[in-house]
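Written out below as structure tokens is the structure these notes cover.
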Amino acid sequence: MSLAQTVEADLKNALKSRDELTTSCLRLVRAAFKNQEKEQRRPLNGEEEIKILSTLAKQRRDSIEQFTKGGRQDLADKEQAELNIIEAYLPTQLDPQAVAQVVDEVFAELNPQGMKDMGAVMKEAMARMAGQADGKLVNQLVRQKLQNS
């Protein structure tokens, strides 16, 4: 069962149980999937679905940060609830040590010479951890390692 099918089944269950938050969040996810399918004119594969979910999760994290800074805890709580729903469909996130280990492996293979190689390192690291690590954390670790070498 693909992620899109799982989301569709869960949406039906949320509609039946009259769970408004889950219903609205899953409708948003389903719409993002359908928009991408229309854009590409073909069904999505699992990797593309995970990428869309990761983008939606990142948007929620950014919104939570902005709402918290703006003193709107009610909106931050709503975004957090949506983030929890979206994250349930994402692969298990790697802990920071595992992310650092993958970054170390990429460094060993690519042997970057400085900040000019950051794009190549990021591309390879993110490909290996597709949907399993936050891009901000990976970026931070890569930047730190490049500046120290």
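Below are the figures for this structure:
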item	result
Angle between the chain longest axis and helix 73-87 axis [Cα atoms, degrees, rounded to 10]	80
Portion, in percent, of the accessible area of segment 43-149 that falls on carbon or sulfur, probe 1.4 Å	51
Percent RCO, i.e. relative contact order, over segment 78-149, from Cα pairs under 8 Å lying at least 6 residues apart	39
Phi-based couplings in Hz for segment 62-72 (Karplus 6.51, -1.76, 1.60; Gly and Pro marked x)	5, 5, 4, 4, 5, 5, 5, 4, x, x, 10
Per residue value of the accessible surface for the chain (all protein chains in place, 1.4 Å probe), Å²	63
The chain - percent relative contact order, Cα under 8 Å, separation 6 or more	20
Matching label, Kirkwood radius over Cα pairs in Å computed from the structure shown, candidates (1) 15.9; (2) 16.6; (3) 17.1	(3)
Highest average packing first - 9-18, 33-42, Cβ atoms within 10 Å	9-18, 33-42
Helix-derived mean residue ellipticity, 222 nm - over the chain, DSSP H n ≥ 4, -39500 (n - 2.57), to 500	-25500 deg cm²/dmol
Set of lysines with alpha-carbon distance to Lys145 below 27 Å, sequence-local pairs under 8 removed	Lys51, Lys58, Lys116, Lys123, Lys136
Folded to 0 to 90 degrees: helix 118-128 orientation relative to the chain principal axis, Cα	50
Proximal aspartates and glutamates to Lys78, defined as alpha-carbon separation beneath 15 angstrom and excluding residues fewer than eight positions away on the same chain	Asp19, Glu20, Asp62, Glu65, Glu87
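The values are calculated or read from the model by the stated rules, or taken from the named source; none is laboratory data. No experiment lies behind these values; they were computed from the predicted model shown. Note: ideal-geometry Cβ built from the backbone for every residue, glycine included; neighbour counts use all protein chains shown. The accessibility values were calculated without ligands, DNA or RNA, using every heavy atom of the protein model including side chains. Shrake-Rupley method; radii C 1.70, N 1.55, O 1.52, S 1.80 Å.
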